[in-house]
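S.K.: Have a look at this one before I ask anything.
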Amino acid sequence: MEEAGRERDRTVAVVVEDTSAATKDAAAVSTKPAKRYPLALWIAILGLIMLVGVYIFSLSLKQNGMLFGLMQANMIEKEREKPCHDPRIPDAEIPYVHYPAPNTYDREECACTGVRFFAILSMQRSGSGWVETLLNSHPNISSNGEIFSVKERRSNVSAITKTLDKLYNLDWYSSAAKNECTAAVGLKWMLNQGLMKNHQEMVKYFNRRGVSAIFLLRRNLLQRYVSILANAHDSAMKQLNGTHKAHVHSKDEAEILAQYKPTIDRKMLITELKRSDKLASDALVNFKNTRHIVLYYEDVVRNRTKLMDVLDFLRMPKRKLSSRHVKIHTKQLCDHIDNWADVNNALMGTRFESFLNGSSRRRS
């Protein structure tokens, strides 16, 4: 018994000694200083990660560009295989020449007449209605108006593309629709009518369907703002025999509408001009990779031959273009604004100061 008791005591002592030794070893390990890496090494590692990220991003962009190039090449090959292909059309132009087969009628002898798709991209009160009527006076051009002013047609991307597909298939009926031999078909599309909201999808659609964009903008945003306010007033008051007219066809009607001189809120003026300027600038940036041309209202007013550039852009034969539209605001800006002194003081010293004298240039 005593011998067994002494054996247990020795066992307990051994365990205690082992535990104590393990504790000491752990303490010795824990007291060793943690290994630290130099700051320069961390910076080098982060720099390497950034370089790898930039390389992967650039490779992705290159692949996307190559993919678009392959899509264009594939489109060209498909067009060459079609029975209506015209060998005289340069390869670069093939993606923009189409041969629609309408569901509502037969193009008959014009089935192989190539059709160009276009869209006039603009902002309200920037001369788009006038320019559209000029283009529609050409026997081969059909521009079908402000289709997306109807909200249901721009409610989502699917609704927009469905509407565009119907238009470019020559199944859209409007007063601008011409005969079966139409050679250019398009519409007038305001930037705030779903275009900018869905600009990424629309750029893809334009490039995929071969749609050419015609930007029509106004340089003097103050003159545009006066026109917006005057048009809104007539919409409410209906000054022409109880009828609202956004565009007029006689000098008498123009003089009646020009009599209204809006009072401009000077506190909101700069904000409004900046908003309009940004909207136009963003549109030009977002659609820079589409086939497009930029036209300014003031340039067309001074020189009608600017529209010949549009006909060249659409590859249409040159014709004399005409319109019944009559310009409403023809005087100096100071004669069209009721609180001119307030507006003048608000814009003096700003980048929009040049608008006061009717100039289309602004300071950057």
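S.K.: Ignoring everything but the protein chains, give the 1.4 Å probe accessible area of residue 354 in square angstrom, nearest 10.
M.R.: Estimated to the nearest 10 Å², residue 354 gives 30 Å².
S.K.: At a threshold of 8 angstrom on Cα-Cα distance, excluding pairs fewer than six apart, so keeping six or more, what relative contact order does region 92-355 reach in percent?
M.R.: Numbers: 366 pairs, mean separation 65.2, N = 264.
It comes to 25 percent, rounded to a whole number.
S.K.: Check each of the chymotrypsin sites (Phe, Trp or Tyr not before Pro) in region 79-131 and keep only those in coil by DSSP with at most 15 other C-beta atoms within 10 angstrom; list them in order. Walk me through the numbers on the way to the answer.
M.R.: Details: sites: 96, 105, 117, 118, 130; in loops: 105.
Qualifying residues, ordered by number: 105.
S.K.: Right, something else. If you roll a 1.4 angstrom probe over the protein chains with everything in place, what fraction of the accessible area of region 92-355 belongs to carbon and sulfur, to the nearest %? Present the calculation step by step, with values, prior to reporting the outcome.
M.R.: Details: 6010 of 12510 Å².
That fraction is 48 percent.
S.K.: Sticking with this one: Heavy atoms of the protein only, probe of 1.4 Å, neighbouring chains included. What is the accessible area of residue 330 in Å², nearest 10?
M.R.: In the full protein context, residue 330 sits at about 100 Å².
S.K.: Turning to a different aspect of this structure: Which chymotrypsin sites (Phe, Trp or Tyr not before Pro) in region 166-243 sit in a loop by DSSP (not H, G, I, E or B) and have at most 13 other Cβ atoms within 10 Å of their own Cβ? Intermediate values should be presented prior to the final figure.
M.R.: Working: sites: 168, 172, 173, 189, 205, 206, 215, 225; in loops: 172, 173.
Sparse-neighbourhood loop chymotrypsin sites (Phe, Trp or Tyr not before Pro): 173.
The values are calculated or read from the model by the stated rules, or taken from the named source; none is laboratory data. All values derive from a computational prediction rather than experimental measurement. Because the Cβ atoms are built from the backbone with ideal geometry, glycine has one as well, and the counts that use them run over all protein chains shown. For the accessible areas, the whole protein counts, side chains as well, though only heavy atoms, and no ligand, DNA or RNA atoms are used. Shrake-Rupley method; radii C 1.70, N 1.55, O 1.52, S 1.80 Å.
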